[in-house]
Each structure stands twice: as structure tokens, then as C-alpha cells.
Amino acid sequence: MYPTKAFAASSSTARLAPFSLQRRNPGPRDVKIEILYCGVCHSDIHQARNEWHNTIYPCVPGHEIVGRVVEVGTDVGTFKAGDLAAVGCLVNSCRHCPNCQDGLEQFCESGAIFTYNAPDHVSGGVTYGGYSDSIVVDASFVLRVPKSLDLAAAAPLLCAGITTWSPLRHWKVGPGQKVGVVGLGGLGHMALKFAAAFGAHVVLFTTSPGKAADAMRLGAHEVVVSTRPDEMQKHLNSFDFILDAVSAQHDLNAYLALLKRDATMVLVGVPEHPLPVAAFNLIFQRHTLAGSLIGGIQETQEMLDYCGEHGITSDIEIIPIQKINEAYERILKSDVHYRFVIDMKSLTG
Ligand code: NAP
Ligand code: ZN
Ligand code: ZN
């Protein structure tokens with residue numbers, strides 16, 4: 001084991017503060033990565049504050065990790081010291097259940113091992129995430145970052161990117177479709193970029209009228225302020241697909257009513273409390289309400305490669321880790337443009 005500097009939440013009400021944790025020395029199949037940047041996902045806040053009622057403290061969040069390989073185990077042929085590498089939301093899974101076999105490790109029947117707050121079957125204890133200066137991960141769960149991408153701006157692809165890419169691909173969003181994205185935060189802004197790149201007509205729903213110009217620049221063709229009923233009314237029964245990336249309580253029914261016959265709305269946002277759904281909004285026009293969880297390893301690599309080919313990254317604001325608590329407060333006020341990324345030099349420097 002070796003010591004690693006980190007920032008952790010020690011309780012649901014504590015501000016994140018410096019913390020020292022122990023990482024395992026790399027085993028034969030492991031890659032040790034010096035973390036250069038880590039994106040700040042709203043899930044980090046939900047988890048640090050125990051809004052999903054399962055947090056184990058101390059909690060070191062962070063699952064949008066990019067960095068440089070510093071050491072590899074003897075059996076690792078895919079990475080070498082000096083390579084760029086990335087780690088997303090998953091660090092392990094059983095690898096042989098039907099879901100793992102299908103490349104859907106996030107749905108592993110034995111339970112996917114998430115990058116933080118999950119049982120660590122290799123080192124014991126609980127997994128600690130990317131708000132830290134180094135991490136050791138099995139090579140099968142380490143991703144390659146295309147060299148052409150800005151490293152800091154690529155970090156959010158590891159969660160915000162794959163979480164929006166995966167449902168847009170699964171539900172085959174493309175040309176000729178009218179697609180809605182609800183909420184312009186970290187996930188929402190990646191959804192705009194991908195849906196536009198896939199050729200759809202993209203409509204952003206926002207509670208923040210001030211974000212309209214940014215939304216158009218990011219790929220939206222229309223912007224609807226969701227708090228204005230007359231604007232919502234104009235889009236009744238017209239959407240082929242809606243992706244909902246809202247982190248807090250909101251009315252799903254207002255969006256279900258906008259779907260065409262047989263169309264689907266997918267939730268990726270995970271608000272703390274259940275959201276009521278009126279059956280009428282599903283039975284009329286045979287609507288589907290679905291959900292989606294991040295994406296598998298192979299799919300994440302495909303997304304990164306696509307981003308490399310098309311020059312897609314996140315719009316980011318870089319912060320030192322000492323500003324993490326302020327960043328959380330700004331995210332909670334929807335004042336994020338459109339992802340905070342921690343420069344990890346601030347941890348050691
Ligand atoms: P974020 O950057 O905070 O964005 C959320 C956006 O939702 C806000 O910018 C805001 O957009 C909108 N919003 C916030 N409060 C609202 C309210 N009360 N009513 C209506 N809209 C509101 O968060 P994120 O990092 O994108 O994450 C979004 C959600 O996805 C979180 O719940 C997160 O845990 C979840 N998540 C899920 C997965 C998965 O695998 N399914 C993966 C990652 C994250 P406007 O200002 O445009 O209204
Ligand atoms: Zn995330
Ligand atoms: Zn499995």
C-alpha cells in the first residue's frame with residue numbers, strides 16, 4: 001500500500017476536506033495512474049451528501065479521471081508508463097455474467113464496482129474516487145484518451161459523455177428525429193453536442209432563460225423555457241425522444257405529454273426523491289418511460305474515439321481542489337458552464 005492525497009467528505013453535512021488514503025501497489029493486471037484532471041459530476045454531490053442513502057464515509061468522489069500512467073503490472077500489455085489514460089465510473093465487475101459478456105459491465109449481475117463508494121474486492125474496504133493524486137485500476141477498466149483532445153476538457157466525457165451517448169445510441173437517435181434534452185448542466189450540454197452530431201433536430205428545455213444562447217452554440221436548434229406553459233404547449237405530441245438530465249425534483253408529466261405516439265423519454269438524472277407519473281401520460285399515445293445508467297467499457301472507448309475524430313469535448317471551468325465546496329454550491333444553483341474540472345496539481349502543489 002502507498003499513501004495518496006485526496007479530498008473527502010467525512011459526513012453528509014461536512015465540507016470536503018484534505019484526506020490521506022491508502023492505495024494498493026499495482027498487481028500484475030493493474031495500471032497506476034497519476035491523476036491530472038477530474039471532472040465534477042452532480043452524482044459526486046448526491047453521494048457526498050448521502051442523498052441516495054447509501055454513502056460510506058469518508059467518501060472520496062470523482063469518476064471523470066484523466067491522467068498519465070506511471071507504472072503497470074507485469075501482465076499488462078495495453079498500457080505503458082507515460083501513456084495517457086482515463087478511468088470513468090467503473091473499476092471492476094465479475095466479467096462473466098451475461099451482462100458483462102455483452103459489454104454492459106454497469107449492469108453486472110454480481111454488482112458493478114463503481115469508482116467510489118463501492119465495496120473494493122481487491123484492496124478491501126471501499127473504493128475511493130478521483131479527487132486524489134493517483135489511482136490503481138485493473139487494465140481492463142482503463143480507457144484510452146485520444147491524443148488530439150484537450151486533456152482537461154476530455155475528463156467529463158468519462159461520465160457526462162458516456163451517460164448521454166449511451167441512451168442516444170441505444171434508442172438510435174438520428175436524422176429526421178425531434179429530440180428533447182431536459183436540463184443544461186454537465187450531462188445536458190454533452191447530450192446537445194451528441195444529439196446534434198447524430199443529425200437530430202435538438203430542443204433544449206431549461207429553467208434558466210440565460211442559457212439559451214449557449215444552448216444554441218452547443219447544438220440546440222430550439223430552446224424552450226420549461227417554466228412557460230405557453231412555450232411547452234406548442235410542442236405537444238411532437239417529440240421522437242426526450243433525454244431528461246435533471247438532478248432535482250421536477251414534473252415528468254409535462255415532458256411525457258410532449259412525446260409522439262410510441263415515443264420514449266429516458267431518465268438519466270437521479271433526483272433524491274421519487275418523481276410522480278400520471279398513468280394517463282403513458283397510456284395515451286403508448287409512451288415509454290425508461291432509464292439509462294452510464295455505459296460499458298467498450299462503448300465508453302467507442303465514445304472517446306468518436307470524440308477524438310469529431311473534436312468533441314466538454315465546455316469546462318478549471319478549478320483548484322480547494323474550490324470544490326464552492327463549485328458544489330454553484331452546481332446546486334445551476335451556475336455551471338458546463339462542467340467543473342479539478343486541476344489535480346492543486347492537491348500536491
Ligand atoms: P448538473 O450539471 O447540476 O445539471 C443539472 C441541470 O438540471 C441543471 O443545470 C439545471 O439545468 C437542471 N435543474 C437543476 N435543478 C432543477 C430543478 N429543480 N428543476 C428543473 N431543472 C433543474 O448535473 P449533472 O452532473 O449533469 O447530472 C445530472 C443528473 O444526472 C444528476 O442527478 C446526476 O446524479 C445524474 N447522473 C446520472 C448518471 C446515470 O448513469 N444515469 C450519470 C451521471 C449523472 P437548467 O438550468 O438548464 O434548467
Ligand atoms: Zn457522474
Ligand atoms: Zn458481471
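In table form, for the structure just shown:
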read-out	value
Subset of region 265-287 [surrounded by fewer than 18 Cβ atoms within 10 Å (Cβ to Cβ) and within 28 Å of Pro156 (Cβ to Cβ)]	Val270, Pro271, Glu272, His273, Pro274, Leu275
Residue in region 332-344 that is among the polar types (S, T, N, Q) and within 17 Å of the chain's Cα centre (by Cα) present	yes
Residue satisfying all of: in region 273-304; among the β-branched types (Val, Ile, Thr) and closer than 21 Å to Ala191 by Cα; farthest from the chain's Cα centre (by Cα) among these	Thr288
Those helices (runs of 4 or more DSSP H) lying entirely in region 171-285 with at least 2 residues touching a strand residue (DSSP E or B) at 6+ places or on another chain (Cβ under 7 Å)	186-197, 212-218, 229-233, 252-256
Some residue of region 155-168 being away from ligand 2 (no atom under 15 Å from the Cβ) and either at positive phi or not hydrophobic (A, V, I, L, M, F, W, C) (or both)	no
Some residue of region 160-174 being open to solvent by 30 Å² or more (accessible area, probe 1.4 Å), in contact with a Phe, Trp or Tyr (Cβ under 7 Å, 6 or more places away or on another chain) and over 23 Å from Ser247 (Cα atoms)	no
Residue match in region 113-124 (condition: open to solvent by less than 30 Å² (accessible area, probe 1.4 Å), out of contact with any strand residue (DSSP E or B) (no Cβ under 9 Å at 6 or more places or on another chain) and either near ligand 3 (Cβ under 10 Å from one of its atoms) or without any contact (Cβ under 8 Å) to a residue 40 or more places away in the chain (or both))	no
Sole exception among (1) touching a residue at least 24 places away in the same chain (Cβ under 8 Å); (2) more than 16 Å from ligand 3 (Cβ to nearest atom) for Glu302, by number	(1)
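For (1) open to solvent by 20 Å² or more (accessible area, probe 1.4 Å); (2) assigned to a strand (DSSP E or B); (3) assigned by TED's automatic domain parsing to the domain that holds Val341, each residue gets a yes or a no:
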residue	(1), (2), (3)
Ala6	no, yes, yes
Pro28	yes, no, yes
Val31	no, yes, yes
Ile35	no, yes, yes
Pro61	no, no, yes
Val66	no, yes, yes
Asp75	yes, no, yes
Thr78	yes, no, yes
Arg95	yes, no, yes
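The values are calculated or read from the model by the stated rules, or taken from the named source; none is laboratory data. Keep in mind the model is a prediction, meaning the values are calculated, not measured. Neighbour counts are summed over all protein chains in view; Cβ atoms, including those assigned to glycine, are modelled from backbone coordinates with ideal geometry. The accessibility values were calculated without ligands, DNA or RNA, using every heavy atom of the protein model including side chains. Shrake-Rupley method; radii C 1.70, N 1.55, O 1.52, S 1.80 Å.
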